[in-house]
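A quick write-up on the structure given underneath.
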Amino acid sequence: MFRLAHVSDLHATAVRVERLGDFANKRLLAWISWRWKRRQRHQAGVLQALVSDLEELDPDHVAVTGDLTNAACEFEFSEALPWLESLGGPQRVSLVPGNHDAYVAVPRSRSWDLWAGYMGSDRDLHAPFPSLRVRGPLAVVGLCSALPTLPFLASGQLGAEQLERLEKLLGELAETSLCRVVLIHHPPVAGTVSPRCSLRDSQALGEVLQRAGADLVLHGHGHRTVFEQLQGPEGPIPVVGVRSASYAGDDSSKRAQYHVYEIEPNPAAGPRFQITARVRGYQPAEGGFAAAGERRL
């Protein structure tokens, strides 16, 4: 049995004004939001408890589906790196970026390249995404839906070229015994979040998955626990969204959680793999994470 932990939406970095020119754009809204509410809701102490719980649980691999930062200020990318490293090294942790990591356009050399060891492929695929990282019985396929948007929008898009590469890659992996786990920040099922926050080409992604297949799709972005499905060539594909890993606000339905997936081959007819999702939730009174439910996918 292989155990895969899934965390998302860490929002691990503070937003501060270092250069006034940086805030003559959408970042000003992020700074206002941070000062008004987000710094109280997303807390470093919760992330520290998350790291401790993961160290104790010791999963085989950790998937991070984006939003390490809040406003994509250049200093945030370097300040988020220690949090990423605290989850493990690049061999143990796989990352895809979120919309907050692309809040505004920042050259990759001063942003995502700092995290390159966690996002890169095991082999040259001639493009950054989709990425492919083989870990044990898993083929972890990373997608990038993050792109700069206008104020008050948090939508994402994969684009035709990435989708074309994805279909080819998933088709090749279907000929192996690997469990194909797809990571994406934005929910791939239409209607999961509001239109202003949605994946613009979710229908096209669904069509790719219907033709090429996958065994599990994981996402963040909505800050909610979501169990859904998309149709694959051999039956439904589980699609699971996880809450923010750092939320400690008043809304208990958003309180920080992460998931652990127990994955093993299925000896019976049906899906190729048996997958059980175990939910770990933050307990404010105890200051740590504990079991909060499970579900067979």
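The values are calculated or read from the model by the stated rules, or taken from the named source; none is laboratory data. A quick note: this is a predicted structure, and the numbers were derived from the prediction, not measured. Cβ atoms come from the backbone with ideal geometry, glycine included; neighbour counts cover every protein chain shown.
Odds and ends about this structure:
- Residues in region 260-291 that are modelled with pLDDT under 95, touching a Gly at 6+ places or on another chain (Cβ under 9 Å) and closer than 18 Å to LEU4 by Cβ: 1 in all.
- Residue within region 158-170 that is free of Cβ contacts under 8 Å to residues at least 24 places away in the same chain and closer than 23 Å to PHE2 by Cα present: no
- Among the numbered conditions (1) under 25 Å from HIS100 (Cα atoms); (2) crowded, with 21+ Cβ neighbours inside 10 Å, the only one that SER194 does not meet is (2).
- Selection count where residues are assigned to a strand (DSSP E or B), farther than 26 Å from THR69 by Cβ and not β-branched (Val, Ile, Thr), scope region 128-176: 2
- Filter result (touching a residue at least 40 places away in the same chain (Cβ under 8 Å) and either more than 15 Å from GLU55 (Cβ to Cβ) or in contact with an Asp or Glu (Cβ under 9 Å, 6 or more places away or on another chain) (or both)) within region 76-90: GLU76, GLU79, ALA80
- Qualifying residue in region 149-157 (condition: under 24 Å from LEU81 (Cβ atoms), surrounded by 15 or more Cβ atoms within 10 Å (Cβ to Cβ) and modelled with pLDDT of 95 or more): yes
- Residues in region 92-110 that are surrounded by fewer than 21 Cβ atoms within 10 Å (Cβ to Cβ), farther than 23 Å from VAL46 by Cβ and touching a residue at least 12 places away in the same chain (Cβ under 8 Å): VAL104, ALA105, VAL106, ARG110.
- If the condition is being under 19 Å from the mean Cα position of the chain (by Cα) and surrounded by fewer than 24 Cβ atoms within 10 Å (Cβ to Cβ), then region 61-75 contributes HIS61, VAL62.
- The condition of being assigned to a loop (DSSP other than H, G, I, E, B) and either free of Cβ contacts under 8 Å to residues at least 60 places away in the same chain or not hydrophobic (A, V, I, L, M, F, W, C) (or both) holds for only one of VAL189, VAL208, that being VAL189.
- LEU125 falls short on exactly one of the conditions (1) crowded, with 16+ Cβ neighbours inside 10 Å; (2) in a loop (DSSP other than H, G, I, E, B); (3) touching a Leu at 6+ places or on another chain (Cβ under 9 Å), and that condition is (1).
- Filter result for the condition that a residue is of a type in the set (D, E, K, R), over 15 Å from the mean Cα position of the chain (by Cα) and within 21 Å of LEU169 (Cα to Cα), over ASP122, ASP58, ASP113: ASP122
- Exclusive hit being surrounded by fewer than 18 Cβ atoms within 10 Å (Cβ to Cβ), aliphatic (A, V, I, L, M) and out of contact with any Phe, Trp or Tyr (no Cβ under 6 Å at 6 or more places or on another chain), set ALA160, ALA214, ALA139: ALA160
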